[in-house]
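Undergrad: Mind having a look at this structure? Questions to follow.
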Amino acid sequence: MNTIAEQVKNAFPFAINKLPLSGPDNMPTPYYGLFRDDTGEVASDTTFSRHYEPHTTDDVVALVEAAQEAFDGGIGKVSTTFHNGHRVVVAPSREHRRSIFGTRDNIFPRLNISAAYDGRAFKVSLCTYRDACRNLMMLRRVSGITESIRHGSNLRSEMDELIETFGGIAARWQDIGNAAAEMEQREVRLAGFLDRIYGTPDERSRAGITRHRNRTEAIIRRVIHERMQTGRPDLGNELVVSGWEAFNAVQGYHQHDATRRGNPNEIERALLALDNQQVAKAERLVFEMAI
């Protein structure tokens with residue numbers, strides 16, 4: 001089996017070239033663009049000055065190897081995608097499992113590494129994977145789970161600092177598990193919960209009413225299915241569920257069901273849902289609307 005480093009290198013078998021950009025009639029400009037050396041495709045929507053040095057695949061490998069050390073070398077696999085930069089989701093081994101309800105509702109840590117070509121620092125976040133629904137989420141209620149990492153010309157030379165940074169993030173996993181367990185202990189009425197997130201439709205807009213109904217039905221179906229998956233009792237007529245279920249139903253809708261432009265793959269859909277404002281609002285409301 002390939003090492004974690006080899007998996008990352010195989011996922012990104014290309015370099016990024018910084019090339020000057022021209023104006024009309026090939027007029028020189030002070031701007032540069034980034035391009036893949038294998039396909040010639042544009043690698044970033046951003047333009048840069050001559051002083052900018054794009055990071056390399058080896059820099060991304062160094063980040064993943066530091067993540068591996070933070071979890072005592074126990075890394076199961078990595079998932080990757082490339083859009084305006086490298087995105088890697090690192091899955092530590094299953095020994096870090098935390099049970100939230102019974103034996104079929106468990107969470108596992110995931111490290112989300114974003115190495116974008118946008119002139120900003122790398123971003124690393126400790127996320128959570130729920131096996132009952134394949135949701136990838138970030139519990140923003142827990143502090144210290146996101147760090148920015150400045151990058152120079154050779155990130156590998158800063159490996160000791162990287163391992164320390166990742167270790168600090170990894171140490172928050174117990175706090176994430178505690179937050180998820182607290183969400184499970186709180187109860188919310190699903191109908192009111194969804195109204196607070198999405199509002200009520202304009203009665204004059206037939207299309208708006210249809211979209212609202214379809215979304216609500218999709219979320220309720222998701223709750224019902226996940227209750228069966230996790231061994232919970234049938235959903236009653238009052239639609240009272242745990243805050244953990246309600247949050248995951250909203251997260252799952254935006255990750256798996258919501259319409260997305262450009263036909264993103266599974267990992268891209270998960271990353272888009274991480275940044276969704278309605279998902280973030282759902283997490284906050286669990287603690288504001290609990291019965």
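Undergrad: Would you call Ala290 closer than 30 Å to Asn84 by Cα and in contact with a strand residue (DSSP E or B) (Cβ under 9 Å, 6 or more places away or on another chain)?
TA: Numbers: closer than 30 Å to Asn84 by Cα: no; in contact with a strand residue (DSSP E or B) (Cβ under 9 Å, 6 or more places away or on another chain): yes.
No.
Undergrad: Look through Arg104, Arg97 and report the one residue that is within 26 Å of Gln229 (Cα to Cα), surrounded by fewer than 19 Cβ atoms within 10 Å (Cβ to Cβ) and either among the polar types (S, T, N, Q) or at pLDDT below 95 (or both). Reasoning before the result, please.
TA: Numbers: Arg104 fails: either among the polar types (S, T, N, Q) or at pLDDT below 95 (or both).
Of Arg104, Arg97, the one residue that is within 26 Å of Gln229 (Cα to Cα), surrounded by fewer than 19 Cβ atoms within 10 Å (Cβ to Cβ) and either among the polar types (S, T, N, Q) or at pLDDT below 95 (or both) is Arg97.
Undergrad: Here is a follow-up. Do we find a residue being over 29 Å from Val241 (Cα atoms), surrounded by fewer than 19 Cβ atoms within 10 Å (Cβ to Cβ) and under 24 Å from the mean Cα position of the chain (by Cα) anywhere in segment 168-191?
TA: Taking segment 168-191 first, the residues over 29 Å from Val241 (Cα atoms) are 168-171.
With surrounded by fewer than 19 Cβ atoms within 10 Å (Cβ to Cβ) added as a condition, the list becomes 168, 171.
Subsequent filtering for residues that are under 24 Å from the mean Cα position of the chain (by Cα) retains 168, 171.
Yes - at least one qualifying residue is present in segment 168-191.
Residues checked against (1) touching a strand residue (DSSP E or B) at 6+ places or on another chain (Cβ under 7 Å); (2) touching a residue at least 60 places away in the same chain (Cβ under 8 Å):
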residue	(1), (2)
Gly23	yes, no
Asn26	no, no
Phe35	yes, no
Thr39	no, no
Arg50	yes, no
Ala62	no, yes
Gln68	yes, yes
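Undergrad: Restricting attention to segment 162-220, report how many residues are of a type in the set (S, T, N, Q), closer than 19 Å to Phe71 by Cβ and in contact with a Ser or Thr (Cβ under 9 Å, 6 or more places away or on another chain).
TA: Total meeting the criteria: 0.
Okay, residues lined up against (1) among the aliphatic types (A, V, I, L, M); (2) not in a strand (DSSP E or B):
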position: Asp58; (1), (2): no, yes
position: Ala66; (1), (2): yes, yes
position: Val90; (1), (2): yes, no
position: Ser99; (1), (2): no, no
position: Phe108; (1), (2): no, no
position: Leu111; (1), (2): yes, no
position: Ala115; (1), (2): yes, no
position: Leu126; (1), (2): yes, no
position: Arg140; (1), (2): no, yes
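Undergrad: Which residue, of Arg269, Arg213, Arg222, is exposed (fewer than 15 other Cβ atoms within 10 Å of the Cβ) and assigned to a helix (DSSP H, G or I)? First the steps, then the outcome.
TA: Values: Arg269 fails: exposed (fewer than 15 other Cβ atoms within 10 Å of the Cβ); Arg222 fails: exposed (fewer than 15 other Cβ atoms within 10 Å of the Cβ).
Unique residue meeting the criteria: Arg213.
Undergrad: For segment 113-139, which residues satisfy the criterion of being under 30 Å from Arg227 (Cβ atoms) and aromatic (Phe, Trp, Tyr)?
TA: Filtering segment 113-139 down to residues under 30 Å from Arg227 (Cβ atoms) leaves 125-139.
Of everything in segment 113-139, just one residue is under 30 Å from Arg227 (Cβ atoms) and aromatic (Phe, Trp, Tyr), namely Tyr129.
Undergrad: Applying the selection to segment 233-251, what residues are of a type outside the set (Gly, Ala, Ser) and either surrounded by fewer than 18 Cβ atoms within 10 Å (Cβ to Cβ) or free of Cβ contacts under 8 Å to residues at least 12 places away in the same chain (or both)?
TA: Let us first name the residues in segment 233-251 that are of a type outside the set (Gly, Ala, Ser), namely 233-235, 237-241, 244-245, 247-248, 250-251.
Across segment 233-251, the qualifying residues are Pro233, Asp234, Leu235, Asn237, Glu238, Leu239, Val240.
Undergrad: Can you find even one residue in segment 81-91 that is without any contact (Cβ under 8 Å) to a residue 24 or more places away in the chain, of a type outside the set (A, V, I, L, M) and surrounded by fewer than 19 Cβ atoms within 10 Å (Cβ to Cβ)? Spell out how you get there, then give the answer.
TA: Filtering segment 81-91 down to residues without any contact (Cβ under 8 Å) to a residue 24 or more places away in the chain leaves none.
Looking through segment 81-91, none of the residues is without any contact (Cβ under 8 Å) to a residue 24 or more places away in the chain, of a type outside the set (A, V, I, L, M) and surrounded by fewer than 19 Cβ atoms within 10 Å (Cβ to Cβ).
Undergrad: Of the residues Ala171, Ala207, Ala191, Ala181, only one is in contact (Cβ under 8 Å) with a residue 60 or more places away in the chain and either over 28 Å from Asn265 (Cβ atoms) or aromatic (Phe, Trp, Tyr) (or both); which? Before you say what the answer is, go through the steps one by one.
TA: Numbers: Ala171 fails: in contact (Cβ under 8 Å) with a residue 60 or more places away in the chain; Ala207 fails: in contact (Cβ under 8 Å) with a residue 60 or more places away in the chain; Ala191 fails: in contact (Cβ under 8 Å) with a residue 60 or more places away in the chain.
Just one listed residue meets the conditions, Ala181.
Undergrad: Testing Thr47 on (1) more than 17 Å from the chain's Cα centre (by Cα); (2) modelled with pLDDT under 95; (3) surrounded by fewer than 18 Cβ atoms within 10 Å (Cβ to Cβ); (4) over 19 Å from Asn178 (Cβ atoms), one condition comes back false. Which one is that?
TA: All conditions pass for Thr47, except number (2).
Undergrad: If you scan segment 20-45, which residues turn out to be more than 16 Å from Asn84 (Cα to Cα) and not hydroxyl-bearing (Ser, Thr, Tyr)?
TA: Selection gives Pro20, Leu21, Gly23, Pro24, Asp25, Asn26, Met27, Pro28, Pro30.
The values are calculated or read from the model by the stated rules, or taken from the named source; none is laboratory data. None of these values were measured; they are calculated from a predicted model. Positions of Cβ are backbone-derived with ideal geometry, glycine not excepted, and every protein chain shown enters the neighbour counts.
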